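Comments concern the structure below.
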Amino acid sequence: MKTPTVSPLYYIGLMSGTSLDGIDAALIALEDGSPPRLLATHAEPMPDELHHLLFKLCHAEQVSFAQLAAAEHAFSQCQAQAVQQLLAPLSVGVEQISAIGSHGQTIEHAPAGHGDGPAYTLQLDNPSLLAELTGCTVVADFRRRDLAAGGQAAPLAPGFHQALFGRADAHQLVLNLGGFANLTWLSSQPSDPVIGFDTGPANVLLDGWFSLHQGDRFDQNGDWAASGKVDEALLARLLSEPFFQQPPPRSTGRELFHLDWLRQHLSGQETAADVQATLAELTAVSVAQGVEQLQIDDSSLTLITAGGGAHNGYLMQRLAYYLPRATFTSPAECGWPEDWIEAGAFAWLAHQRLHHLPGNLPSVTGAQGPRVLGGIYAS
């Protein structure tokens, strides 16, 4: 008797990171017993007007409801456009999509709260409008349930990393270099917990400083950083930030690491290119410190590098310098190019929600236990 064929389940993940440069859309297939498969991708550029509005909201001390509404509306339209462009060349229709997992755009992330106030994390989104525009069920607001359970609400990708990269015959270490850098440690021993945490800033400061002085959105291949020299005194001042000494679980965001934070540490004697080189060094050193915190006993380790920073040749050189026993490998060897892990994670999280399965890992976020994450907005 033949085993009946089970059709794969299709999910779309939407991710807009701290770079605010666009929305990544990833179509994945999930089948029982198999790792998630990446089927198609699309990068929808962020319109300049929306980019400027979101950046303003991320740094505003006061925000009007009209600004929030306008930003949510434009953001959801951009997301819908990303979905339409993703599916346009494919034979997969919206009726075949089980759900869209929408991360939204993080405006502020304060897992420790401010002063005596409660912890909070705010992702700008309008999942009701996205469901209306696409005709798909949408799962959104993934972070606040973990926060309600006492967790950091971040990072959330390590559960997906485990599903994608976990192996019984070897340890794996995943490094995501997005706006912020975070590590995920996957032991080959099933009884060992997954460990994951933010190590510090990555592209958020590199892109911000580059844009300020060079007028473009990012430093291609790190060429401008490579033209400068590391300012050791500035690096020491930057590394004195208490966050770098905090034990996991820990997460961070633009609330701490932004250009004004950087300016507070400048003497005024640095050249702009030297500051860029020092920011790359800050990322490399803080990642290496994070690896050291893991206290890995292996004489060598496999480091899977993902995120936009994996394309920064100068940054990767500095990471290799500080992690000489690491073998760097691309997630593309598993069928997942560097730029699509985060979007894939939120597609996977949508699947977890629809099937009433936990999306967080308490060993990563510090939550009181596993929790089903996200709210469902039916099509």
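Values quoted throughout were computed directly from the atomic coordinates according to the rules given, and no laboratory measurement underlies them. Note that this is a predicted model, so its numbers are computed, not measured. Quick reminder, even Gly has a Cβ in these numbers, built from the backbone with ideal geometry, and neighbours come from all protein chains shown.
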**OP:** Fewest Cβ neighbours within 10 Å first, please rank ASP116, ASP339 accordingly.
**Re:** ASP116, ASP339
Subject >> Environment charge at THR184 (Cβ cut-off 15 Å; Lys +1, Arg +1, Asp -1, Glu -1) >> reply: -2
**OP:** Take every DSSP beta bridge with both residues inside the chain and express the antiparallel ones as a percent of the total, to the nearest 5.
**Re:** 70
Original post:
What FRET efficiency would be calculated for the residue pair GLN368, ASN221, taking the C-beta separation as r and a Förster radius of 51 Å, to the nearest 0.05?
Top reply: 0.70
**OP:** In whole Hz, with x marking every Gly and Pro, tabulate ³J(HN,Hα) for the stretch 357-374 from phi via Karplus 6.51 cos²θ - 1.76 cosθ + 1.60, θ = phi - 60°.
**Re:** 10, x, x, 9, 10, x, 5, 9, 8, x, 5, 5, x, x, 9, 7, 9, x
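Give, as a single signed number, the net charge of other residues whose beta carbon lies under 10 Å from the beta carbon of ASP125, with Lys and Arg counted +1 and Asp and Glu -1.
My count for the surroundings of ASP125 gives -2.
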**OP:** May I ask you to sort SER91, SER300 by Cβ crowding, counting other Cβ atoms within 10 Å and putting the fewest first?
**Re:** SER91, SER300
Subject >> Residue-wise HN-Hα coupling along the stretch 227-233, computed from phi with Karplus coefficients 6.51, -1.76, 1.60 (Hz; x: Gly, Pro) >> reply: 7, x, 10, 5, 8, 5, 5
Original post:
Contour minus end-to-end for HIS311 and GLN84, with contour as 0.36 nm per residue of separation and end-to-end as the Cα-Cα distance?
Top reply: 79.0 nm
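If R0 is 25 Å, what FRET efficiency do you get for ALA112 and ALA66 from their C-beta distance, rounded to 0.05?
0.25
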**OP:** Using only Cα positions of the stretch 277-371, each an equal point scatterer, no hydration layer, compute I(q)/I(0) via Debye at q = 0.15, 0.19, 0.25 Å⁻¹ and quote the log10 values to two decimals.
**Re:** -0.79, -1.08, -1.23
Subject >> Histogram of C-alpha separations across the chain, 10 Å bin width, % >> reply: 5, 24, 34, 26, 9, 1, 0, 0
Original post:
Which whole-number percent of Cα pairs in the stretch 158-334 have a distance greater than 28 Å?
Top reply: 22
Original post:
Hey, got a sec? Which trypsin sites (Lys or Arg not before Pro) in the stretch 309-353 land in a DSSP loop and have at most 11 other Cβ atoms within 10 Å?
Top reply: ARG325
Original post:
With no solvent and one point on each alpha carbon, what is the Debye value of log10 I(q)/I(0) for the stretch 1-71 at q = 0.11, 0.13, 0.18, 0.21 Å⁻¹?
Top reply: -0.47, -0.57, -0.79, -0.91
Original post:
Tell me, in nm to one decimal, what length is gained between THR329 and ARG37 on full extension, where the rule is 0.36 nm per residue of separation less the Cα-Cα distance?
Top reply: 103.3 nm
**OP:** May I ask you to evaluate 6.51 cos²θ - 1.76 cosθ + 1.60, the Karplus curve with θ = phi - 60°, for each residue of the stretch 277-289 and list the ³J(HN,Hα) values in order in whole Hz, giving x for glycine and proline?
**Re:** 4, 5, 5, 4, 5, 4, 5, 5, 5, 5, 5, 4, 5
**OP:** Quote the relative contact order of the chain in percent (integer), defining contacts as alpha-carbon pairs under 8 Å separated by 6+ residues.
**Re:** 22
Original post:
According to the Kirkwood expression over distinct Cα-Cα pairs, how big is the hydrodynamic radius of the stretch 141-209, in Å?
Top reply: 13.2
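Determine the sum of side-chain charges near THR271: Lys and Arg each +1, Asp and Glu each -1, restricted to other residues whose C-beta is under 10 angstrom from that of THR271.
Net local charge, THR271 excluded: -2.
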Original post:
Can you work out the FRET efficiency for the pair TYR322 and GLU95, with r the C-beta to C-beta distance and R0 = 56 Å, to the nearest 0.05?
Top reply: 0.70
**OP:** Would you order TRP336, TRP261 from fewest to most other beta-carbon atoms within 10 Å of each residue's own beta-carbon?
**Re:** TRP261, TRP336
